[in-house]
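**Q** Encoded as structure tokens, here's the structure I'll be asking about.
Every number here is computed from the coordinates shown, using simple stated rules; none is lab data. Remember, it's a predicted structure, so these values are computed and weren't measured experimentally. Quick reminder, even Gly has a Cβ in these numbers, built from the backbone with ideal geometry, and neighbours come from all protein chains shown.
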Ligand code: KG4
Ligand code: ZN
């Protein structure tokens, strides 16, 4: 069962082919970074046009690499939202056109579900499991009960974690996207140099907040020399990253307690971390330790499957196709699409 996956919801144009035995036959990502970097963030109009320009060639190349043709496909999956609507429309229309021309099932994949199911593409993993989804647009803790079945434990009340990384990078004069740049700078920095807040730490529930942390960094940077020295920059990056790590650990620990209480039969439950921010080695290490301490197996996809890609979309397509959860060609792309609204 081979499914073509298409991802166009942000600034990565991606096409992949995945089979029902977890085989990734092709997985191509074309980043638009160089086009957005001068603007310090993703420009939706530029993104949509770039997806339109490159998607068909990318699909052709993916099929070529996998030595497959449209006739070998069992279905076509595209991210149907949430995301920048211009880009989502490009991906969805392309998938629908292929599905219509080849009389194939069409699958509109929720981008968050694609991240949430990625760990099942990389290996055996039973439902239910606890998921921390940390990306540029989202920061959520969820109980994953099945395909299309999610219960949200907590979410951010303001910025997403990746967004905070990107904004702090900008304040520190680092390149977009901020996550990898902040992580690199933090490696040679002193995490104890700046005292930054740990928003929500110790609070009941599993919600997050990052805007206060970003503001604290802005004030601290304003008090330094302009332009800031390399040492100041590295120390600030390290201090910020440590604060994020501590908050993610605190919130995840609460979620583990709740999950364990709700699933008393789960002997060695899994704690899965997914999304672009999960590519951060220092955050991963910290969360892995916290999970181990509470009897959870820590799982995290490899970095290239954490950041946006189409293999995860194709895999979500495989999972949904198996359950007969196909979509009609009248599916309307969705800029907002909370996981709780999914069909399972
Ligand atoms: O999942 P993703 O590729 O796109 C969204 O769906 O948002 O996540 C992108 C986000 C960006 O905010 C980026 O700065 C962040 O993930 N990110 C990182 C790292 N690599 C990417 N954040 C922290 N450390 C990293 N190494
Ligand atoms: Zn994503």
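**Q** Rounded to two decimal places and with Rh computed the Kirkwood way over Cα pairs, what is Rg over Rh for the stretch 1-99?
**A** 0.99
**Q** Given points 7 Å out from each Cα along the Cα-Cβ axis, report the residue 46 to residue 211 separation in nanometres with one decimal.
**A** Going from the residue 46 label point to the residue 211 one covers 2.6 nm.
**Q** At a Förster distance of 22 Å, what's the computed FRET efficiency of residue 31 paired with residue 67, Cβ-Cβ distance as r, to 0.05?
**A** Values: r = 25 Å, r/R0 = 1.14.
For residue 31 and residue 67, the calculated efficiency is 0.30.
**Q** Continuing with the same structure: If you bin the C-alpha pair distances of the stretch 269-311 every 5 Å from 0, what whole percents do you get?
**A** 5, 26, 31, 20, 12, 5, 1
**Q** Could I ask something else about it? Run the numbers on the stretch 84-183 and let me know its relative contact order in percent, using alpha-carbon pairs under 8 Å that are six or more apart.
**A** 14
**Q** When the convex hull of the Cα atoms of the stretch 208-344 is projected onto a plane and the area is averaged over all directions, what value comes out in nm²?
**A** The orientation-averaged projected area of the Cα hull of the stretch 208-344 comes to 12.0 nm².
**Q** Same structure again: Name the shape class, rounded, prolate or oblate, that the alpha-carbon gyration tensor gives for the stretch 91-225, where a ≥ b ≥ c are the square roots of its eigenvalues, rounded holds for a/c under 1.5, and otherwise prolate holds if a/b is larger than b/c and oblate otherwise.
**A** prolate
**Q** For the chain, what class follows from the C-alpha gyration tensor (a ≥ b ≥ c being the square roots of its eigenvalues): rounded when a/c is under 1.5, otherwise prolate if a/b is larger than b/c, else oblate?
**A** Oblate is the answer for the chain, as a/c is 1.5 or above yet b/c matches or exceeds a/b.
**Q** Please compute the length gained on full extension between residue 268 and residue 100, using 0.36 nm multiplied by the number of residues separating them and subtracting their Cα-Cα distance.
**A** Computed gain between residue 268 and residue 100 is 56.1 nm.
**Q** Below 8 Å, C-alpha to C-alpha, sequence gap of six or more: please give me the relative contact order for the chain in percent.
**A** Relative contact order comes out at 24 percent.
**Q** Please tell me the relative contact order of the stretch 127-302 in percent, rounded to the nearest whole number, where contacts are Cα pairs under 8 Å and at least six residues apart.
**A** 26
**Q** Here's something else I'd like to know. Could you give the Stokes-Einstein D for the stretch 127-302 in µm² per second, using the C-alpha Kirkwood radius, 20 °C, 1.002 mPa s?
**A** D, rounded to a whole number, is 131 µm²/s.
**Q** Moving on. Mind checking which of 131, 107, 323 has the largest fluctuation in a GNM of the chain, springs on alpha carbons under 10 Å?
**A** Among 131, 107, 323, the largest mean-square fluctuation in the Gaussian network model of the chain belongs to 323.
**Q** Stretch residue 193-residue 126 to full length: gain in nm at 0.36 nm per residue minus the Cα-Cα span?
**A** Difference between extended and current length: 19.9 nm.
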